[in-house]
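The structure appears right after this line, and notes come after that.
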């Protein structure tokens, strides 16, 4: 799975710590999502997409 989340955050100058708090998850958990160490649950993926005003498929693409 290809994740564009890190690039999107950098482009928008969004800090991971603040964004994690905004969507209601821990900073360490969010960091693992950003680095691709873990795949988020659907609920969290939708929260991330909604907070960024994007579709889930704009952030994660299947290879």
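Laboratory data are not the source of any read-out in this text; all were calculated from the coordinates shown. As the structure is a prediction and not an experimental result, all values here were calculated from the model. Quick reminder, even Gly has a Cβ in these numbers, built from the backbone with ideal geometry, and neighbours come from all protein chains shown.
For the reader, a short list of remarks on this structure follows.
- So residue 33, is it in a loop (DSSP other than H, G, I, E, B) and touching a strand residue (DSSP E or B) at 6+ places or on another chain (Cβ under 9 Å): no
- Pairs, first buried (at least 17 other Cβ atoms within 10 Å of the Cβ) in region 48-59, second not in a helix (DSSP H, G or I), C-beta under 8 Å, six or more apart: 48/40; 49/55; 52/12; 59/3; 59/4; 59/52
- Among the residues of region 1-23, those identified as free of Cβ contacts under 8 Å to residues at least 24 places away in the same chain and either touching a helix residue (DSSP H, G or I) at 6+ places or on another chain (Cβ under 7 Å) or not in a loop (DSSP other than H, G, I, E, B) (or both) are 7, 10, 11, 16, 17, 18, 20, 21.
- Subset of region 4-33 [under 9 Å from the mean Cα position of the chain (by Cα) and more than 19 Å from residue 58 (Cβ to Cβ)]: 20, 31
- Taken together, the residues in region 15-32 that are over 18 Å from residue 42 (Cα atoms) and surrounded by 15 or more Cβ atoms within 10 Å (Cβ to Cβ) amount to 1.
- In region 36-47, the qualifying residues are those that are part of a loop (DSSP other than H, G, I, E, B) and touching a helix residue (DSSP H, G or I) at 6+ places or on another chain (Cβ under 7 Å), and the one that is surrounded by the fewest Cβ atoms within 10 Å (Cβ to Cβ) is 38.
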